[in-house]
Amino acid sequence: MRAPLARLNGATAGRPRALLVLVLLLAAAWVPARAASAGQGAPQGASCVVLLHGLGRTSWSMKALQWHLEEAGYQVVSPTYPSLTHSIPELADMAVREGLAGCAALQLQRVYFVTHSLGGILVRQYLARHDIPGLQRVVMLGPPNQGSQMADYVASLGLLQPLLPAAVAELGTSEQSVPRRLGRAGFELGVIAGTVNYLPFVPGQPEERGDGTVAVSETILPGMTDFIELPVGHTFMMWNDEVLEQVVFFLEHGLFRRSSPPFSAP
C-alpha cells in the first residue's frame, strides 16, 4: 500500500506546481501583449482635432464641437488662451503650440483644426511662420479673413482706446490688418459663414449680409477648398446641429455636404 500512497502523494503535491506553472505561462503571455498595447498609443488611423475659440471666449464655448467630434471618433484638444491680453502673433504661438503639444502627448500625428472667429486667424498666423507636420484639414467658423469692420468701429471709439485688446486693433480692415496681410490658404480649408443677425441693433455691425459680427464677404479667403453659408449667428454657431455635421463631413471628405452646385475656389 505504501507505493500507491506515495504515488498519490506525489501526484497531489505536483498539482500546485502544475497550477503555478500554468499561471506563470499565462502571465508571461499577457504581460508582453499589454506592454505592446501601451507602447502603441492611439489606435492606427486615429486623428487629433485642435479646437480654437474666438475673442473673449474660452474652451467651454467649443464644448458642443468637442462632444460631437469625440462621438465621431476623434481625439480632441481644446485649449483656452488669453485672447484679450496679447497680440495675434503672440496668441498664435500660445494657442496653436498648446494644441499641437496636446496632440503629441496623445501620440497622434494626423492633425486637424476647427476654429471659431479669431481662432482661424491664429492658425493662419502660425502657418505663416511655421510648418505643422501632419496637418490634414482646417474648418473655420465665421473667420474675419478679410479683417473686421466691427473691429474698425470698436477701435474708433476713443474712450475705449486704453482698454482695447491688441488683437482687436489688429483685426481691422486697414493696411495694418493682420488677416489681410497673411495671404492665401496653402492648406485644405473649409469656411462656414453665418447669415443670420440676431442682434441687428448692436452698433458697428457690417452693413452687408453676415452673422451679426462678421460679414459673409469678410470670411472669404483665396485658396480655400470649400465654402458654405448657413443660417446661423456668430456667437453660437458652434452649437448648431447643422454646423456640427458639416464640420465632421469636411474633416472626413474635404468638402461640405450640399445639394447645390459645388463651390468654385477664388
- Message: Among (1) farther than 26 Å from Ile228 by Cα; (2) in contact with a strand residue (DSSP E or B) (Cβ under 8 Å, 6 or more places away or on another chain), there is one condition Val123 misses while meeting the rest; what is its number?
- Response: (1)
- Item | Complete set of residues in region 65-80 that are closer than 24 Å to Ala92 by Cβ and of a type outside the set (S, T, N, Q) | Leu65, Leu69, Tyr74, Val76, Val77, Pro79
- Message: For region 73-88: of the residues being at negative phi and surrounded by fewer than 17 Cβ atoms within 10 Å (Cβ to Cβ), which is nearest to the chain's Cα centre (by Cα)?
- Response: Thr80
- Counting just the residues of region 184-227 that are in a loop (DSSP other than H, G, I, E, B) and among the hydroxyl-bearing types (Ser, Thr, Tyr), which one comes out nearest to His130 (Cα to Cα)? Thr225
- Task: Tell me, yes or no, whether region 42-50 has at least one residue that is at pLDDT below 95 and more than 18 Å from the chain's Cα centre (by Cα).
- Result: yes
- Among the residues of region 204-244, count how many are free of Cβ contacts under 8 Å to residues at least 24 places away in the same chain and within 23 Å of Glu71 (Cα to Cα). 4
- Ser156 fails exactly one of the following numbered conditions: (1) more than 29 Å from Leu255 (Cα to Cα); (2) surrounded by 22 or more Cβ atoms within 10 Å (Cβ to Cβ); (3) out of contact with any Pro (no Cβ under 9 Å at 6 or more places or on another chain). What is the number of that condition? (2)
- Could you tell me whether Met224 is under 26 Å from Ala72 (Cβ atoms), in contact with a His (Cβ under 8 Å, 6 or more places away or on another chain) and aliphatic (A, V, I, L, M)? no
- Filter pass, Ala167 being in contact with a His (Cβ under 9 Å, 6 or more places away or on another chain) and touching a residue at least 12 places away in the same chain (Cβ under 8 Å): yes
- Query: Which ones in region 195-216 are more than 18 Å from Glu242 (Cβ to Cβ), surrounded by fewer than 20 Cβ atoms within 10 Å (Cβ to Cβ) and of a type in the set (Val, Ile, Thr)?
  - Reply: Val202
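Taking the condition exposed (fewer than 13 other Cβ atoms within 10 Å of the Cβ), modelled with pLDDT of 50 or more and among the aliphatic types (A, V, I, L, M), does Ala35 pass?
Details: exposed (fewer than 13 other Cβ atoms within 10 Å of the Cβ): yes; modelled with pLDDT of 50 or more: no; among the aliphatic types (A, V, I, L, M): yes.
No.
The values are calculated or read from the model by the stated rules, or taken from the named source; none is laboratory data. Quantities reported herein were computed from a predicted structural model and do not represent experimental measurements. Every residue, glycine among them, receives a Cβ derived from its backbone with ideal geometry; neighbour counts consider all protein chains shown.
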